[in-house]
1. Would you please name the residue that is farthest from Lys367 (Cα to Cα), looking only at residues in region 89-105 that are buried (at least 18 other Cβ atoms within 10 Å of the Cβ) and of a type in the set (D, E, K, R)?
2. Mind checking which residues of region 273-308 are in contact with a Lys or Arg (Cβ under 8 Å, 6 or more places away or on another chain) and polar (S, T, N, Q)?
3. Out of (1) closer than 19 Å to Glu88 by Cα; (2) at pLDDT 90 or above; (3) open to solvent by 50 Å² or more (accessible area, probe 1.4 Å); (4) not hydrophobic (A, V, I, L, M, F, W, C), what's the single condition that is false for Tyr49?
4. Is at least one residue of region 103-124 closer than 20 Å to Val42 by Cβ, touching a helix residue (DSSP H, G or I) at 6+ places or on another chain (Cβ under 7 Å) and either basic (Lys, Arg) or free of Cβ contacts under 8 Å to residues at least 60 places away in the same chain (or both)?
5. Which residues, counting only those in region 52-74, are free of Cβ contacts under 8 Å to residues at least 24 places away in the same chain and either closer than 16 Å to Ser107 by Cα or buried (at least 21 other Cβ atoms within 10 Å of the Cβ) (or both)?
6. When Asn440 is evaluated against the numbered criteria (1) more than 21 Å from the chain's Cα centre (by Cα); (2) at pLDDT 95 or above, which criterion, by number, is the only one it fails?
7. Looking for whichever is at pLDDT 95 or above and open to solvent by less than 10 Å² (accessible area, probe 1.4 Å) here; the options are Ser131, Ser169, Ser157. Which one fits?
8. Determine which member of the set Ala287, Ala224 is of a type in the set (A, V, I, L, M, F, W, C) and closer than 15 Å to Thr204 by Cβ.
Amino acid sequence: MKKLTALFLTAMAVCNAAFAQQDYVKEHFTKKDVYITMRDGVRLFTSIYTPKDASKQNKYPIMMHRTCYSIGPYGADKYPGRLGPSAEIMKEGYIFVYQDVRGRYKSEGTWTNMTPVIDNKKGKTDVDEGSDTYDTIDWLIKNVTGNNGRVGQYGISYPGFYTAAGILSNHPALKASSPGAPISDFWFDDFHHNGAFIESYFFTFPVFGVPKGKADTTGASWFANKMINPGTRDGYQFLLDLGPLKNADNYYKDNFFWQETIDHPNYDEFWQKRGLLKHFNNKSKTAVMTVGGWFDAEDLSGPLNIYKTIEKKNPSTYNTIVMGPFGHGRWSQETGHTLHSNVYFGDSIATFYQKEIEAKFFRHFLKGKGDKATGLPEAYMFNTGKKEWATFDKWPAANAEHKKFYLAADGKLADAQPTTPGSVSYISDPMKPVPYTEDNSTTAGFTPFGYMSEDQRFAGRRPDVLVYQTDVLTDDVTLGGEIMANLKIATTGTDADFVVKLIDVYPPDEPNHAFMPNKSIILSNYWQMVRSEVMPARFRKSFEKPEALVAGQKADVNFRLQDVLHTFKKGHRIMIQVQSTWFPIVARNPQKFVENPYKAEQSDYIKATETVFNDSFIDVQILK
């Protein structure tokens, strides 16, 4: 009873806080709904919240958020619980603008996923997210009373993509842009990792692949009746029982995004033209602060690669990166005790980010001098092993030194290449795939979340998962920067996936912290996943032109894991796990090469013996 009372009081406190903020919004802002006409005549529904004391004499900057996920509540008398990216920024005073993108909710036009960028627009019908951002900003600057001529844009996840794409508008009034967890390329984020299909996204396809009726301007979720009810919370079993991916047509025959996905199994023009990175150039004057979470199961590639690409192609622009100890977008809401899965990182870390990093960035460029002297570092990165913030003049750090860890045949993670050739083999069975998590309650949801730092003992104790580890560390070892897996493999099949996981092995006497979300978990000998990635061997030479493996022949499978900043403490061990199934986060590889894995037959799914040779190594960067 006490527990129920505590939960009730907590829920009431949250509700009261939300209502209090909603009252604040009503008391301090005037709402106006408008349609803004784009250059091709399409009208985008936009809500504008202006401080009540704004005037020609008392001006505010504009903070803009463009989304495919609805800008509700709709209606001139309906107000949200909060405006802007944080309560801190809301109370500092900005004009907040929200917009439904093309073809979504109350906006007109046709929706497409990751709208292709048109670099050289030749007429009014050449439109993309950059042009829509430009046209929206231009209208706002000319028509919203009390604006100071400066605009900032922000957003997380898909809105992070719209924020990143908005940089390409090159509108002179766009002074600051902060893409959060931005998608940069669907081949490496969200729906694919290195081209491997992320099957845990299976249930999300109605959101992205059901077109809205052209006459529908109600703001209703038109795709809701297309969502799958699996009849179970066990997504592993549901998706295993689904069988080959071709059987998904039983649910998604009319889903245009599913059909696009299965018709483009390789990194062809369809996917390439949806990538953002190649379009960043030296034209933009917009200050950029890209934000991500080290444990973001959805969009970890995007923020790191957008930052690095802008840094390389536009070195004169103000360009910074922030990476915190968060899952997907979790820096936007304070949780008090900051945890990911079972790992506790400290208290009020989201609030620190919002007040000491995010608010300072926008304040400087939208209200202050805008001279780049923000007082913020180039890279504000959270060390997930030391559990503290670190700052860098560049990322990866200038003092990062490369080191190779070899996958020795005796299970050692060795400093030097073994002098005697050796290997370890395992049988990979796509009918009994390795689970990606022990928490089955998370396998039938919208997207995965907690597995990015979960205990990996359950996987490492299976015969189809290889385990390599160092001796107990006698000193702290900080991995800071990029990670490259260089595998030397062979298989009895003609295709295979290879998953590499970097793991922090806790000591036997590690105590549980006071905020354990699951009391049945022990941190004694905990195997915390720090980083992980999958690579289909079919793409080992080219993402555009897959190539079969030759059964029994040694081959290189090289791929990059995402960056890391993690101190493996004295008394811990560094571990690498290698496996070939990771279900259902990654769709099962048939292990027999087929031209299109989405259309493989049940008979194409075969057992195979996978061999990893001891000249395989993991190249990391170590901070001294």
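1. If we take residues in region 89-105 being buried (at least 18 other Cβ atoms within 10 Å of the Cβ) and of a type in the set (D, E, K, R), then Arg104 is farthest from Lys367 (Cα to Cα).
2. Start the filter on region 273-308 by keeping residues that are in contact with a Lys or Arg (Cβ under 8 Å, 6 or more places away or on another chain), which leaves 280-282, 286-287, 293.
Result: Asn281, Asn282, Thr286.
3. Answer for Tyr49: the failing condition is (3).
4. First, the residues of region 103-124 that are closer than 20 Å to Val42 by Cβ: 103-118, 121-124.
Checking which are touching a helix residue (DSSP H, G or I) at 6+ places or on another chain (Cβ under 7 Å) leaves us with 113-115, 117, 121.
Of the ones still in play, those that are also either basic (Lys, Arg) or free of Cβ contacts under 8 Å to residues at least 60 places away in the same chain (or both) are 121.
Within region 103-124, one or more residues are closer than 20 Å to Val42 by Cβ, touching a helix residue (DSSP H, G or I) at 6+ places or on another chain (Cβ under 7 Å) and either basic (Lys, Arg) or free of Cβ contacts under 8 Å to residues at least 60 places away in the same chain (or both).
5. Taking region 52-74 as the starting set, the residues that turn out to be free of Cβ contacts under 8 Å to residues at least 24 places away in the same chain are 53, 57, 73.
Passing the criteria: only Pro73.
6. (2)
7. Working: Ser169 fails: open to solvent by less than 10 Å² (accessible area, probe 1.4 Å); Ser157 fails: open to solvent by less than 10 Å² (accessible area, probe 1.4 Å).
Every option except Ser131 fails the conditions.
8. Values: Ala287 fails: closer than 15 Å to Thr204 by Cβ.
So the residue among Ala287, Ala224 that is of a type in the set (A, V, I, L, M, F, W, C) and closer than 15 Å to Thr204 by Cβ is Ala224.
The values are calculated or read from the model by the stated rules, or taken from the named source; none is laboratory data. Predicted, not measured: the structure shown is a model, and the values here were computed from it. Glycine gets a Cβ as well: all are built from the backbone with ideal geometry, and neighbour counts include every protein chain shown. Accessible surface areas use protein heavy atoms only, side chains included; no ligands, DNA or RNA. Shrake-Rupley method; radii C 1.70, N 1.55, O 1.52, S 1.80 Å.
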